[in-house]
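Values in this text are rule-based calculations from the coordinates and carry no lab data. Please read these numbers as outputs of a predicted model, since none were measured by experiment. Counting neighbours? That spans all protein chains shown, and the Cβs are built from the backbone with ideal geometry, glycine included.
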Amino acid sequence: MATPSKAWLLRLAQDCLVAVSPGYMVEYLPSARMIPVPLTPRHAPGVLVWRSRLIPVLDLGILLTDSPPVATPQRRAMVLAYQALPGAVVHHGALFVQAPPTEIDVTDGMACALPDKPAIWEQLSHACFLYEKQRVPVINLLWVFMRSYASLPHSVPEAVVHDPLPAALGMENPAPGII
Amino acid sequence: MSATQTPISSRAPEGFVGGSALSAGWLVLAIDDLRLALPQTDVRQVTLASDLEGVEGDESRGLRRLKRPRGKPWLACHLDHNLRPERSPGARRLCVFFGASDGVLGLLCTHTWLLAAASDLRVEPVPRCLIEGPTPIIGMAFFQEAMAVVSDGRRLGDYLTSLRVSVDGDSL
């Protein structure tokens with residue numbers, strides 16, 4: 001039996017859980033203050049000041065569940081790390097979450113297909129597993145933070161190839177050098 | 001941050017910023033909570049908004065325009081903190097005129113700060129995930145424990161122009 005991989009669950013909205021590899025988790029912020037940036041997508045309202053840096057913060061719950069924006073100035077957020085290639089510069093971004101993250105074990109046997117809707121799951125996730133009867137996409141942080149949302153909805157890029165679970169959870173690629 | 005970030009809203013109302021006198025640094029405009037930084041080299045004049053006149057026949061348009069009563073009729077407008085057109089200028093009592101692609105345009109604001117050196121703002125690119133469409137914003141920078149978005153005269157002018165087609169041959 002294969003050794004389970006670890007994953008962190010992030011609740012982005014009431015009915016929206018995603019998973020992130022432990023190597024990409026950086027810091028949970030229980031009360032993050034977002035600074036709005038004009039002319040951004042509805043689900044990408046601004047930046048956070050984090051460790052003397054300005055990092056983008058996304059509310060993917062809006063994009064994935066069509067839920068309305070939350071007006072609360074202080075919100076929970078998870079700071080994440082990502083990089084274009086192993087050894088490349090590590091970037092940081094944040095996601096608004098509804099609860100503190102939780103760590104779980106994931107095995108190959110839990111793998112499943114991505115949710116059918118919304119279609120953009122295919123462009124944000126590179127694997128999916130079933131956890132407590134709920135499909136949990138493993139989000140690809142590079143696709144989440146290093147893309148433009150200028151022309152949604154998109155068709156699935158031909159180059160997108162979804163990964164098996166171990167690779168999606170970082171078992172086959174070293175995590176970026178997180179501070 | 002330089003010690004020269006002096007609020008200038010209480011200074012002489014017109015003509016104290018000349019294109020050649022300020023060759024480096026930034027002028028930061030306050031539009032409600034938004035801070036918008038422009039290179040000083042792009043700034044032509046800062047004047048009192050109360051000195052400007054409304055453009056006749058503009059009431060039905062989405063973007064209200066103003067112009068200088070004296071000198072060349074530079075046009076100005078006011079936007080909200082999301083850089084969207086707004087009907088009323090509210091408390092914006094200053095107007096910053098800047099060089100754009102095709103002349104000089106103005107944008108109303110409530111307050112301005114002068115930063116003496118270009119290095120007073122460490123400008124970072126806007127992350128791709130924050131870009132939705134045409135935007136005058138080319139960067140972000142720390143400013144006063146928060147953030148200023150960074151633009152320049154050409155991009156800001158192109159953006160303002162994109163909000164309005166020309167009326168009576170005027171450029172905004």
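What to note about this one:
- In this structure, the amide hydrogen of A:Ala44, modeled 1.01 Å from its nitrogen in the peptide plane, lies closer than 5 angstrom to those of A:Asp59, counting only residues at least 5 positions away or on a different chain.
- By the beta-carbon count within 10 Å of each Cβ, the least crowded to most crowded order of A:Thr65, A:Thr3, fewest first, is A:Thr3, A:Thr65.
- Annotation: for a label point projected 7 angstrom from Cα along Cα→Cβ of B:Arg70, residues of region B:35-54 with backbone N closer than 20 Å are B:44-54.
- The shape of region A:1-69 comes out oblate: with a ≥ b ≥ c from the C-alpha gyration tensor, a/c is at least 1.5 while a/b does not beat b/c.
- Charge dipole (Cα centre; +1 on Lys/Arg Cβ, -1 on Asp/Glu Cβ; no other charges) of region A:5-168 amounts to roughly 580 debye.
- At most 15 other Cβ within 10 Å, DSSP loop - GluC sites (Glu not before Pro), region A:100-144: A:Glu132
- Per-residue extension of 0.36 nm, minus the Cα-Cα distance of A:Gln134 and A:Ala111, leaves a gain of 7.1 nm for this segment.
- Restricting region A:1-79 to trypsin sites (Lys or Arg not before Pro) that sit in a DSSP loop and have at most 15 other Cβ atoms within 10 Å of their own Cβ leaves A:Arg42, A:Arg51.
- Region A:37-67 and region B:144-159 have Cα centres spaced 19 Å apart.
- Stretching A:Ser52 away from A:Leu85 to a fully extended chain increases their span by 9.4 nm, per 0.36 nm per residue minus the current alpha-carbon distance.
- Which of A:Thr102, A:Pro118, A:Leu39, positive extreme of dipole for region A:5-168 (C-beta unit charges): A:Leu39
- Order of A:Met146, B:Met140, A:Met25 - criterion: other Cβ atoms within 10 Å of each residue's Cβ, fewest first: A:Met146, A:Met25, B:Met140
- Phi-based couplings in Hz for region B:153-163 (Karplus 6.51, -1.76, 1.60; Gly and Pro marked x): x, 5, 5, 5, x, 4, 5, 4, 5, 5, 7
- Loop-located trypsin sites (Lys or Arg not before Pro) in region B:102-164 (DSSP state other than H, G, I, E, B) with a sparse environment of at most 13 neighbouring Cβ atoms within 10 Å: B:Arg122.
- Counting beta carbons within 10 Å around each of B:Cys95, A:Cys112, A:Cys16, A:Cys128 and listing the fewest first gives the order A:Cys112, A:Cys16, A:Cys128, B:Cys95.
- For A:Val97, the residues whose modelled amide H falls within less than 5 Å of its own, excluding neighbours fewer than 5 places apart on the same chain, are A:Arg76, A:Ala77, A:Met78.
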